[in-house]
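**Q** If you scroll down you'll find the structure; I have some questions about it.
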Amino acid sequence: MGSVARTAVIGGGMAGCAAARELVRSGREVVIFEVGEGLGGRARSWHRPEIEPTVGINLMYVSFYPLMSKLVEEFGLKDELVKISSSVYISDGGDAVPLSSDSPINVLKYPLASLRDRFAFALAGIREVLRRDQMDLFDPLKAAPFDDGTSIAEFAHRYMSPRGFDFLLRPQVEGFWNFRCEDVSNVHGRALLAWLGGSDFYVFRGGMQVLAERLAEGADARFGHEVSDLQLTGSGVQVSARTPVGEPVSEVFDDVVVATPAPIAAKLTATLPADVVGSETRAFLETQEYEPAISFAYLVDHGSLPAEAHIVAGGSADPPIRNMITYPRKVRDEQGRPVDKLLVFAYPGRALTRRLLGASPEEQFATVTPLLNTLWRDFPADPEPFQIAERPFGFPIPAPGRYRQSAEVIGRLRPPVAFAGDYFNSPTTEAALLSGTRAAHALTAAG
Ligand SMILES: Cc1cc2nc3c(=O)[nH]c(=O)nc-3n(C[C@H](O)[C@H](O)[C@H](O)COP(=O)(O)OP(=O)(O)OC[C@H]3O[C@@H](n4cnc5c(N)ncnc54)[C@H](O)[C@@H]3O)c2cc1C
């Protein structure tokens with residue numbers, strides 16, 4: 001009696017680290033098994049010393065993320081935040097025009113949709129804003145009652161023409177997440193309408209992993225450890241993993257939070273009995289689909305594209321290039337003088353992303369570079385290919401009806417194995433944080 005409970009957290013992304021924090025705070029001994037070389041998961045940035053700031057892929061924190069806002073305050077990370085402009089451009093076959101949903105007036109000036117559709121869109125935005133308290137982008141327990149099995153496309157077609165939808169709402173969803181609006185619950189689009197307007201966007205100066213690292217303080221993080229199996233034993237759950245040198249290790253814990261992408265979670269827990277992972281939970285994990293993501297970073301001359309812009313393809317087709325995000329950076333020239341450049345992140349459309357996954361960087365760049373002007377006609381002809389980041393489990397797709405299933409699965413989370421990840425709701429770091437916190441509470445509430 002009196003020995004400290006020990007919990008394993010599998011996966012050191014935002015969900016796993018949020019879980020670790022709650023578990024450490026409840027007095028447990030916590031070990032994080034992470035296959036990568038650091039914390040943050042999909043929110044972890046790459047760094048290259050040739051550019052200033054050195055940080056690459058850098059996730060956005062939006063002012064309406066409640067948990068993250070609280071953590072930034074608590075950890076004293078306000079000075080780490082860099083505010084960025086949220087200017088959005090919609091491209092119609094290479095010709096891009098600004099669309100800021102910040103105010104209905106801006107929407108009314110937008111030339112790519114009819115006046116009737118612009119009014120309908122602005123009104124829909126106002127209607128959802130009035131329901132802000134109910135429309136939540138992160139919490140499936142709040143979203144579930146609105147998840148009536150219809151998609152964003154079905155929701156939007158009720159009040160605007162197909163063209164209006166393709167150039168007003170669709171690009172603002174698919175330009176962030178790349179999944180088809182036909183495949184996604186209406187709640188996701190409505191919550192975006194409710195919350196996006198008037199929000200401030202930030203990045204963390206050194207990358208968002210700073211938050212993961214702070215959350216994990218007090219836990220023992222073991223990097224390069226790939227968990228391969230979980231088994232129930234008489235005294236708890238046995239976690240089997242391979243170390244960075246491929247050596248098999250295993251250790252028994254009182255309980256476990258599995259915070260990997262859903263298909264990996266399903267595999268790791270495949271042989272656990274039905275009283276530990278029930279059939280609904282198992283089906284929820286096994287049926288979760290993902291849109292993979294590959295980000296292509298280029299350096300181009302400052303001024304050749306707008307800075308801090310989000311350029312998104314309009315229309316219903318799956319385009320060769322889905323979107324671009326541009327950030328200012330300084331690069332040293334041969335004399336060591338700083339030169340202003342733009343770091344451009346380009347994301348291919350769905351079919352091209354799938355085709356390029358796992359190919360060599362040379363082949364990936366050779367395919368994508370000639371296509372960049374399909375999104376921005378005047379894209380410089382000789383961009384400098386800089387870095388590629390692949391995320392095979394990029395964006396979990398919140399299919400119609402998924403929030404209701406998610407709410408049911410959350411209601412069933414209990415020891416000794418709880419699950420966490422952004423797939424419980426929208427693919428955002430905020431949803432991952434909430435899910436990790438919930439999984440930890442499901443373990444600690446039971447003792
Ligand atoms: C290109 C892109 C851009 C994005 N931009 C934004 C943005 O601007 N703002 C925003 O809020 N969100 C953004 N997101 C979404 C956000 O990154 C995710 O929602 C969030 O990071 C998911 O966190 P998670 O902890 O659920 O999963 P993950 O981050 O995937 O964490 C899971 C962890 O488990 C580890 N793991 C997997 N298998 C094993 C194993 N067998 N053993 C041990 N460890 C394992 C992985 O290495 C990983 O670290 C973006 C996503 C992508 C792909």
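Values in this text are rule-based calculations from the coordinates and carry no lab data. As the structure is a computational prediction, the values presented were derived from the model and not from experiment. Cβ sites come from the backbone with ideal geometry, for glycine too, and all protein chains shown count toward neighbours.
**Q** Measure off 7 Å from each Cα along the Cα-to-Cβ vector at Lys267 and Lys78, then give the distance between these two points in nanometres to one decimal.
**A** Taking the two extended label points, one gets 4.4 nm.
**Q** Also: Return the lysines within reach of Lys78: Cα separation strictly under 17 angstrom, same-chain partners fewer than 8 residues apart disregarded; answer none if there are no such residues.
**A** Excluding near neighbours in sequence, the set is Lys70.
**Q** Pull out the extension gain between Thr367 and Ser3, defined as 0.36 nm times the separation in residues minus the alpha carbon to alpha carbon distance; nm, one decimal.
**A** 125.3 nm
**Q** Then there's this: For a protection proxy built on the mean count of beta-carbon atoms within 10 angstrom, sort 269-276, 439-446 highest first, please.
**A** My ranking of the peptides, most packed first, is 439-446, 269-276.
**Q** Listed highest first by mean packing, meaning other Cβ atoms within 10 Å per residue, what order do 129-135, 67-73, 344-350 come in?
**A** 344-350, 67-73, 129-135
**Q** Right, something else. By how many degrees, 0 to 90 and rounded to 10, does the Cα axis of helix 402-412 deviate from the longest principal axis of the chain?
**A** 20
**Q** Then there is this: Please list, or write none, the lysines whose alpha carbon is within less than 20 Å of the alpha carbon of Lys330, excluding same-chain residues fewer than 8 places away.
**A** Lys83, Lys341
**Q** Then there's this: Which FRET efficiency value, to the nearest 0.05, is calculated for Arg127 and Thr374 with the Förster distance at 41 angstrom and r the Cβ-Cβ distance?
**A** On the way: r = 35 Å, r/R0 = 0.84.
Result of the calculation: an efficiency of 0.75.
**Q** Please report the antiparallel percentage of DSSP beta bridges with both residues in the chain, rounded to the nearest 5.
**A** Taking every DSSP beta bridge within the chain, about 70 percent pair in antiparallel fashion.
**Q** Working out 0.36 nm times the residue gap between Ala445 and Ser250, then minus their Cα-Cα distance, what length gain in nm do you get to one decimal?
**A** Going from the current span to full extension adds 67.5 nm.
**Q** Still on this model: May I ask you to derive the FRET efficiency for Glu286 and Ser114 from their Cβ-Cβ distance with R0 = 35 Å, giving the value to the nearest 0.05?
**A** FRET efficiency, Glu286 to Ser114: 0.20.
**Q** Mind checking the full-extension length gain between Asp220 and Glu52? Use 0.36 nm per residue of separation minus the Cα-Cα distance, one decimal, nm. Intermediate values should be presented prior to the final figure.
**A** Values: separation 168, 0.36 × 168 = 60.48 nm, distance 3.19 nm.
Gain on extension, Asp220 to Glu52, equals 57.3 nm.
**Q** Quick one: if the Förster radius is 25 Å, what FRET efficiency do His302 and Gln335 give, using the C-beta to C-beta distance and rounding to 0.05?
**A** For His302 and Gln335, the calculated efficiency is 0.90.
**Q** Right, next: For the chain, just the Cα set please: Rg and Dmax, both in angstrom.
**A** Every Cα atom of the chain included, Rg and Dmax give 22.2, 71 Å.
**Q** Read phi for every residue in segment 33-40 and hand back ³J(HN,Hα) as whole Hz from Karplus 6.51 cos²θ - 1.76 cosθ + 1.60, θ = phi - 60°, with x for Gly and Pro.
**A** For segment 33-40, the Karplus-derived couplings read 9, 10, 5, x, 9, x, 8, x Hz, x marking Gly and Pro.
**Q** Report the residues of segment 152-184 in range of a label on Ser100: point 7 Å along Cα→C-beta, backbone N strictly under 11 Å from it.
**A** It comes to no residues whatsoever.
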